[in-house]
Amino acid sequence: MAGERIDYTAAAVVKAFKPHLKLTLVKEGLRRIAWKFTTLDHVGPRDVAELDERLDEEDRNIRQRDAFEKVKFLLQQLGIV
């Protein structure tokens, strides 16, 4: 709805996903994401860091670590990893 604020906190994202975890397709998608974020240097965090070509190396490293930690936390809370 227009003007409605969306809650993007980790708890809200986990809550939104939980009802869908019974679906095989959702679980498989999350497992694939988990594989891409296995380590800080895997393809997932690297790709996130490289999305904005304007970032310098230090900012890319910060974004890479941030993406890795946030995705890992979400997957842990969902019981995927």
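Read-outs: derived from the displayed coordinates by stated rules, not from any lab. If you're wondering where the values come from, they're calculated on a predicted model, not measured in any experiment. As a convention, Cβ positions derive from the backbone with ideal geometry for all residues, glycine included, and neighbour counts pool all protein chains shown.
Which is farthest toward the positive dipole end of the stretch 10-77 among T39, H20, Q64, measuring Cα position about the Cα centre, with Cβ charges +1 (Lys, Arg) and -1 (Asp, Glu)?
H20
What is the spread of the Cα atoms of the chain along each of their three principal axes, largest first, in whole Å?
That works out to 39, 35, 17 Å along the principal axes.
Please identify every one of the trypsin sites (Lys or Arg not before Pro) in the stretch 12-81 that sits in a loop by DSSP and has no more than 16 other beta carbons within 10 Å of its own beta carbon. Display every interim value, and only then the final one.
On the way: sites: K15, K22, K27, R31, R32, K36, R46, R54, R60, R63, R65, K70, K72; in loops: K22, R54.
In loop regions of the stretch 12-81 (DSSP not H, G, I, E or B), the sparsely surrounded trypsin sites (Lys or Arg not before Pro) are K22, R54.
Using just the helices of the chain, give the 222 nm mean residue ellipticity in deg cm²/dmol: DSSP H runs with n ≥ 4 each add -39,500 (n - 2.57), and the total is spread over all residues, rounded to 500.
Computed mean residue ellipticity for the chain: -19500 deg cm²/dmol.
Taking the Cα centre of the chain as the origin, how large is its charge dipole in debye, to the nearest 20, when only Lys and Arg (+1) and Asp and Glu (-1) carry charge on their Cβ atoms? Please report the intermediate quantities before stating the final value.
Values: 15 positive and 14 negative charges, 144 e Å.
The dipole of the chain has a size of about 700 debye.
Separation between the F73 and L51 pseudo-spin-labels, each 7 Å from Cα along Cα→Cβ, expressed in nm?
Inter-label distance under the simple model: 1.7 nm.
Separation between the I33 and T9 pseudo-spin-labels, each 7 Å from Cα along Cα→Cβ, expressed in nm?
Taking the two extended label points, one gets 1.9 nm.
What percent does the relative contact order of the chain come to when contacts are Cα pairs within less than 8 Å and at least six residues apart?
Details: 52 pairs, mean separation 27.0, N = 81.
Contact order relative to length: 33 percent.
Using the Karplus equation 6.51 cos²θ - 1.76 cosθ + 1.60 (θ = phi - 60°), what ³J(HN,Hα) coupling, rounded to whole Hz, does each residue of the stretch 52-58 give in order, writing x for Gly and Pro?
For the stretch 52-58, the Karplus curve yields 9, 5, 7, 6, 7, 4, 4 Hz.
Distance in nm between label sites at T24 and H42, each 7 Å beyond Cα in the beta-carbon direction?
Output for this residue pair reads 2.3 nm.
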